[in-house]
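Novice: So that we are looking at the same thing, I have put the structure below in structure tokens.
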Amino acid sequence: MKPGLWIAVVLAASALCLAQQLPPAKSGEVRNEKHDSTETKPAPVTYIRAGRLFDSTSDNFRENVVIVVEGERIKSVQPAGAVQIPSDAKVIDLSKATVLPGLIDCHTHLGARADRYNPINYFKSTPYTQAFNAEKNARITLLAGFTSVRDVGSGPFMAVDLRNYIDSGYIIGPRVVASGPGISITGGHGDLNNFSPETHVTLFPEERNYQIADGPDQVRHVVRAQVKYGVDVIKILASGGVLSKGDSPGAAQFSFEELKVAAEEAHKAGRKIAAHAHGTQSIKDSILAGIDSIEHASLADDECIRLAKEHGTYFDMDIYNDDYLLGNAIKFGLEPENVEKERMVGQKQRDAFSRAVKAGVKMAFGTDAGVYPHGDNARQFATMVQYGMTPAQAIRTATQNSADLIGRSKDLGTIEVGKYADIIAVEGNPLQDVAVLQSVGFVMKGGVVYKDKLAGTPVQE
Ligand SMILES: [Zn+2]
């Protein structure tokens, strides 16, 4: 079939289906899930005995608590002595474990694999390979205890479809806050550089992959086009990057004017906007443009830190993956140019993290999963503690703070009455050794148990 004809058929089919489509969730808005639908039987009730509860509303544990889950939400959280558990009730006994809110990673690429660094893969991957990766990685991520992720950069519009498939219960994964492709200047971090001019992004030439934009008008158009296809969040590539060719992480790419248009347009549509920004100037421009989070923030100086505090801008700093990029990624074909760039920014980013923590900049938890293998997200906790956070601070970054950054504090981020029952548990004491979060033994999302090596509850496969 000719491409034009194919498009016509797709259009006709989608027009017929339009009435049945879900409207996209705006940030801060709760997406209805299958458990909210028109079920008539009473919602199942589960009693969770928590030996130790870190509910993420403070830096301390509560001992011997019972959490009552009704349907997909938390109905009560009380001292065990205050709760009468009926004899025929469903009980999950985590009395020997530490119970915490489901973790949130605000910087993932579920469609990416960490063993595909050879540039030949640009020409081998298809929208389908990305989706297969994402299906597998979504499951791995959920089972590692991450019940929500923000996916910040994938082909158009894989993350939107992934989010919808998970929300409808068709596949298993975390709640996904979906972006489209990271918006880039021509020749920038999101473009395909230093190949023959015969080589170009071809998926949607007229939209330049919904990704490449030059000048305020094109930026405005791409943001609107991404919103049209259902993204929850806009990702813009304000500076050069580490894993691209021919650009420098320290160099500003979009102008202040372009970033301002992107932020305004995203906010008008009720979306948050995240800026990839390693370089000092691009961090400042992004904060002043009103962007909600600075991804990487590697070369943040004192002025950037002061501005972030003043504007309440989140830093979302992926300080673990340096170990992987300078280790295994080289074996998987990471090119010398990229290794050199990582050497340039990796340690500086960790030092900037320390200074930002000390200054009290709002911090989210983002790891750039996909750069390193999915499921290892919790390895970053130890690096965060090494560079100046307390374990409680690091955990609250990945729960309460990250829920705030993605605009979902009403539903996520703490164990409190009315929130989604996104609950995990570990053996050991994460406030003494935060690395125990690398072995999450129990995972519940929206009241459904997906993993239970601690109490032996049957799980959703
Ligand atoms: Zn990234």
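Novice: Here is a list of conditions, (1) on the phi > 0 side of the Ramachandran plot; (2) without any contact (Cβ under 8 Å) to a residue 60 or more places away in the chain, and ASP302 meets all of them except one; can you say which number that is?
Specialist: Looking at each condition in turn, ASP302 falls short on (1).
Novice: Hey, could you check region 333-343 for residues that are more than 22 Å from the chain's Cα centre (by Cα) and open to solvent by less than 20 Å² (accessible area, probe 1.4 Å) and say which is farthest from the ligand (Cβ to nearest atom)?
Specialist: VAL339
Novice: Among what's in region 143-187 and is assigned to a helix (DSSP H, G or I) and farther than 18 Å from VAL227 by Cβ, pick the residue that is most open to solvent (accessible area, probe 1.4 Å).
Specialist: Filtering region 143-187 for residues that are assigned to a helix (DSSP H, G or I) and farther than 18 Å from VAL227 by Cβ, the one most open to solvent (accessible area, probe 1.4 Å) comes out as TYR165.
Let's see how each residue does on (1) within 16 Å of the ligand (Cβ to nearest atom); (2) surrounded by 22 or more Cβ atoms within 10 Å (Cβ to Cβ); (3) touching a residue at least 60 places away in the same chain (Cβ under 8 Å):
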{"residue": "ALA266", "(1), (2), (3)": "no, yes, no"}
{"residue": "ILE273", "(1), (2), (3)": "yes, yes, no"}
{"residue": "THR280", "(1), (2), (3)": "no, no, no"}
{"residue": "ILE283", "(1), (2), (3)": "yes, yes, no"}
{"residue": "LEU288", "(1), (2), (3)": "no, no, no"}
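Novice: Looking only at region 108-122, which residues are surrounded by 20 or more Cβ atoms within 10 Å (Cβ to Cβ) and outside any loop (DSSP other than H, G, I, E, B)?
Specialist: Once the filter is applied, which keeps residues that are surrounded by 20 or more Cβ atoms within 10 Å (Cβ to Cβ) and outside any loop (DSSP other than H, G, I, E, B), region 108-122 yields only THR108.
Novice: Which pairs have Cβ atoms under 9 Å, sit 6 or more apart or on different chains, and link a residue in region 121-141 that is closer than 12 Å to ILE166 by Cα to one that is surrounded by fewer than 16 Cβ atoms within 10 Å (Cβ to Cβ)?
Specialist: These pairs meet every condition: GLU135/ILE171; ALA138/ILE171; ARG139/ILE171.
Novice: Answer yes or no as to whether ASN133 is away from the ligand (no atom under 14 Å from the Cβ), in a loop (DSSP other than H, G, I, E, B) and touching a Gly at 6+ places or on another chain (Cβ under 7 Å). Give the derivation first.
Specialist: Working: away from the ligand (no atom under 14 Å from the Cβ): yes; in a loop (DSSP other than H, G, I, E, B): no; touching a Gly at 6+ places or on another chain (Cβ under 7 Å): yes.
For ASN133, the condition - away from the ligand (no atom under 14 Å from the Cβ), in a loop (DSSP other than H, G, I, E, B) and touching a Gly at 6+ places or on another chain (Cβ under 7 Å) - is not met.
Novice: Go through (1) without any contact (Cβ under 8 Å) to a residue 12 or more places away in the chain; (2) polar (S, T, N, Q); (3) closer than 14 Å to HIS374 by Cα one by one and return the number of the condition THR147 breaks.
Specialist: Failed condition: (1).
Novice: Test GLY346 against the criterion of being in contact with an Asp or Glu (Cβ under 6 Å, 6 or more places away or on another chain), within 15 Å of the ligand (Cβ to nearest atom) and modelled with pLDDT under 95, and give yes or no.
Specialist: Against the criterion (in contact with an Asp or Glu (Cβ under 6 Å, 6 or more places away or on another chain), within 15 Å of the ligand (Cβ to nearest atom) and modelled with pLDDT under 95), GLY346 qualifies.
Novice: Follow-up question, since we're still on this one. Inside region 290-313, can you point out the residues that are more than 15 Å from the ligand (Cβ to nearest atom) and among the hydroxyl-bearing types (Ser, Thr, Tyr)?
Specialist: Once the filter is applied, which keeps residues that are more than 15 Å from the ligand (Cβ to nearest atom) and among the hydroxyl-bearing types (Ser, Thr, Tyr), region 290-313 yields only THR313.
Novice: Would you confirm, using the coordinates I've provided, whether ARG220 is assigned to a helix (DSSP H, G or I), charged (D, E, K, R), in contact with a helix residue (DSSP H, G or I) (Cβ under 7 Å, 6 or more places away or on another chain) and farther than 28 Å from LEU437 by Cα?
Specialist: So ARG220 passes the test.
Novice: So which residues in region 274-292 are in contact with a Gly (Cβ under 8 Å, 6 or more places away or on another chain) and within 22 Å of ASP232 (Cα to Cα), if there are any at all?
Specialist: HIS276
Novice: Moving on to the next point. In this structure, does ARG73 turn out to be within 16 Å of the ligand (Cβ to nearest atom), open to solvent by 60 Å² or more (accessible area, probe 1.4 Å) and within 22 Å of the chain's Cα centre (by Cα)? Steps first, answer last, please.
Specialist: On the way: within 16 Å of the ligand (Cβ to nearest atom): no; open to solvent by 60 Å² or more (accessible area, probe 1.4 Å): yes; within 22 Å of the chain's Cα centre (by Cα): yes.
The answer is no for ARG73.
Novice: Can you find a residue in region 223-241 that is under 30 Å from GLU340 (Cα atoms) and open to solvent by 50 Å² or more (accessible area, probe 1.4 Å)?
Specialist: Kept after step one, since they are under 30 Å from GLU340 (Cα atoms), are these residues of region 223-241: 234-241.
Those still in the list that are open to solvent by 50 Å² or more (accessible area, probe 1.4 Å) too: none.
So far as region 223-241 goes, no, none of its residues is under 30 Å from GLU340 (Cα atoms) and open to solvent by 50 Å² or more (accessible area, probe 1.4 Å).
Novice: Looking at region 352-378, which of its residues are within 16 Å of the ligand (Cβ to nearest atom) and surrounded by fewer than 21 Cβ atoms within 10 Å (Cβ to Cβ)?
Specialist: PRO373, ASP376
Novice: For region 379-430, which helices (runs of 4 or more DSSP H) that fit wholly inside it have 2 or more residues that are in contact with a helix residue (DSSP H, G or I) (Cβ under 6 Å, 6 or more places away or on another chain)?
Specialist: 379-386, 391-396
Novice: Given TYR387, TYR450, which one is out of contact with any strand residue (DSSP E or B) (no Cβ under 8 Å at 6 or more places or on another chain) and of a type in the set (Phe, Trp, Tyr)?
Specialist: Going through TYR387, TYR450 in turn, just one is out of contact with any strand residue (DSSP E or B) (no Cβ under 8 Å at 6 or more places or on another chain) and of a type in the set (Phe, Trp, Tyr): TYR387.
Novice: Which one is nearest to the chain's Cα centre (by Cα) among residues in region 437-453 that are surrounded by fewer than 20 Cβ atoms within 10 Å (Cβ to Cβ) and within 23 Å of PRO391 (Cα to Cα)?
Specialist: Ranking the qualifying residues of region 437-453, first place goes to GLN438.
Novice: Out of (1) touching a Pro at 6+ places or on another chain (Cβ under 7 Å); (2) modelled with pLDDT of 95 or more; (3) under 26 Å from PHE315 (Cα atoms), what's the single condition that is false for ALA114?
Specialist: It is condition (2) that ALA114 fails.
The values are calculated or read from the model by the stated rules, or taken from the named source; none is laboratory data. For clarity, every value in this text was computed on a predicted model and none was experimentally measured. Cβ: placed from backbone, ideal geometry, glycine included. Neighbour counts: every protein chain shown. These accessible areas exclude ligands, DNA and RNA; they are computed on the full protein's heavy atoms, side chains included. Shrake-Rupley method; radii C 1.70, N 1.55, O 1.52, S 1.80 Å.
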